[in-house]
1. Would you mind finding the one in TYR297, TYR265 that is surrounded by 18 or more Cβ atoms within 10 Å (Cβ to Cβ) and within 26 Å of THR383 (Cα to Cα)?
2. I'm checking my understanding of the structure. Among residues of segment 321-349 that are closer than 29 Å to LYS487 by Cβ and within 16 Å of the ligand (Cβ to nearest atom), which one is surrounded by the fewest Cβ atoms within 10 Å (Cβ to Cβ)?
3. Collect the residues in segment 360-375 that are in contact (Cβ under 8 Å) with a residue 12 or more places away in the chain and more than 16 Å from the ligand (Cβ to nearest atom), keeping them in residue-number order.
4. Out of everything in segment 307-320 that is polar (S, T, N, Q) and within 16 Å of the ligand (Cβ to nearest atom), what residue ends up being surrounded by the most Cβ atoms within 10 Å (Cβ to Cβ)?
5. Tell me which residues, restricted to segment 279-293, are buried (at least 20 other Cβ atoms within 10 Å of the Cβ) and within 15 Å of ALA255 (Cβ to Cβ).
6. Of everything in segment 376-385, what is of a type in the set (Val, Ile, Thr) and within 16 Å of the ligand (Cβ to nearest atom)? Give them in sequence order.
7. Output the number of residues of segment 423-443 satisfying the condition of being in contact (Cβ under 8 Å) with a residue 40 or more places away in the chain and over 29 Å from PRO292 (Cα atoms).
Amino acid sequence: MKFFTILGVAAAFVVICAPETLAAPAATCPKTYTLLPTKGTTVASKAKITEKVLAQLNPKYDCKKIKVGDKLCVQAVGSKAPSSVQSSAAPKCFSWHTISSGESCWSISKDAGITQDNLVKYNPGLNCSTIQPGQKICTAISSAAPSKASTGPTTTPTAFHCTSYYSVKKNDTCWSIWTAFGQTEDKFMANNPGIQCKGLQLGQQVCVATAAGPAPSSASKSSSGATPTPTGKWGCTKLHAIGKDETCWAISQAAKLTLDTFLSYNPGLDCRFLNAGVNVCIAQGAGGSPPPPIPIYTCTKKGTFAITFDDGPYNFTDALLDYLDTQSLKVTFFINGKNFGNIYDYAKTLKKAFDRGHQIAHHTWSHANISTLNEAALRSEITQLEVALRKIIGCIPTYFRPPFGAYNADNLRVLGAMGYKVVVWDVDSEDWLVENLKKEQTNYQNAIKGTTPADSGHISLQHDPHKITSQQLAPWAVDYVKKLGYKVTTVGDCLGDSDPKNWYRP
Ligand SMILES: [Zn+2]
């Protein structure tokens, strides 16, 4: 029952840098970071800079040769701490953002629906390697009165007028709209002055085509007839199977993409956890399809801790649920159909877990190693449990965990087509292996050593059919991570998918 993905490798320190020779930081580097034997976090996140900036600051580092004790430069020469307000921001700033702990230029620009280049453009003099919590930066500029910004189409006074509007649909972003209509970001932003990409409203009309000259007096948002639709379905047109030891940086370079663009093609991709053979998207276009799911190893919401229990329900699950109630906690159960017990014999327990608000997720019918199964066998493992879950809780999950953490690229394609997100873990109690509370506690402590609630979240693995786990490890783990300052929660919540409605479907 060995967990045999390359997590051991993936969880090591990951820095993104050019494959040159190992070199110490320049003597002029104002701030260095010494690599520690920790995992689950990166130098970049510790230093609150992007991995791109880290790579720029350490052009001669060879990722394959770095070791504990090496020093990396984490601050640009000549840079100094910025003032709390970016006073030199573009005068037409329409929307300000206050930087929170752990944010980077990349994450801020992504949240604001703009490119990092434009973020820098909106904030002249902005140094992304030294941004600090509390600092205010501009995320949108406007040439129109802000009051017009969020209602209906906006037009510029005289130079040109809008000839086509598009009605914002669910999951649209500024980026998806301008790419779907073949526009550049600059043109789109110019055509929609004051638009708040972060707060796009369903049904909001945005301008997707313009013509020279003043707007005709009769111009209104619907006068030009049918709303144009993007040509063909937009999606991924080219996949790349991650090679051994490849980094996000290397993949994006080889695909001639900026790191930001590559990441925008692969939402949810965590560059610390790249597994060989997993497909990532390296090109998008009309006629593409959604990329296969990228396995999730850790929480995206910092300070959250998703304690998960696999392989049940079984004899000890019921009492575990009562204990969790006394703590007012919700956790995640990855359920089997026939493993320690038969799910139909534990229907009451499962329904109780579901009714009390815990997240129920799929873990195959028989705890099969799906990396050894063909598509038909995998589909049968999935649907057999779906049938049982529909009978017992009335719905099926949207989250899946492969037994043993083992999967291949074809499994992911099938799971994606069947509507599943794939979740693994970054903390393994190894309760299934050792059956020894002391060792399990040590495994826990070692797995999260060096990380804090301020810089990380975690997904931990344990198994409720093991008596020690349900009766001793679970309460210990809850107390332990709470004392460290983490919020114990479900996998969905720790990934920012907090509404239980999203965890299930009919
Ligand atoms: Zn399992």
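1. TYR297
2. TYR346
3. GLU375
4. THR308
5. Residues satisfying the conditions are ASN279, VAL280, CYS281, ILE282, PRO291.
6. The answer is ILE382, and nothing else.
7. Going through segment 423-443 one residue at a time, the tally reaches 3.
Yes/no matrix, rows are residues, columns are (1) more than 17 Å from the chain's Cα centre (by Cα); (2) crowded, with 18+ Cβ neighbours inside 10 Å:
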position: ASN408; (1), (2): yes, no
position: GLY416; (1), (2): no, yes
position: VAL422; (1), (2): no, yes
position: TRP432; (1), (2): yes, yes
position: HIS466; (1), (2): yes, yes
position: TRP476; (1), (2): yes, no
position: TYR486; (1), (2): yes, yes
position: LYS501; (1), (2): yes, no
position: PRO506; (1), (2): yes, no
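The values are calculated or read from the model by the stated rules, or taken from the named source; none is laboratory data. This is a predicted model, so every value here is computed, not measured. Every residue, glycine among them, receives a Cβ derived from its backbone with ideal geometry; neighbour counts consider all protein chains shown.
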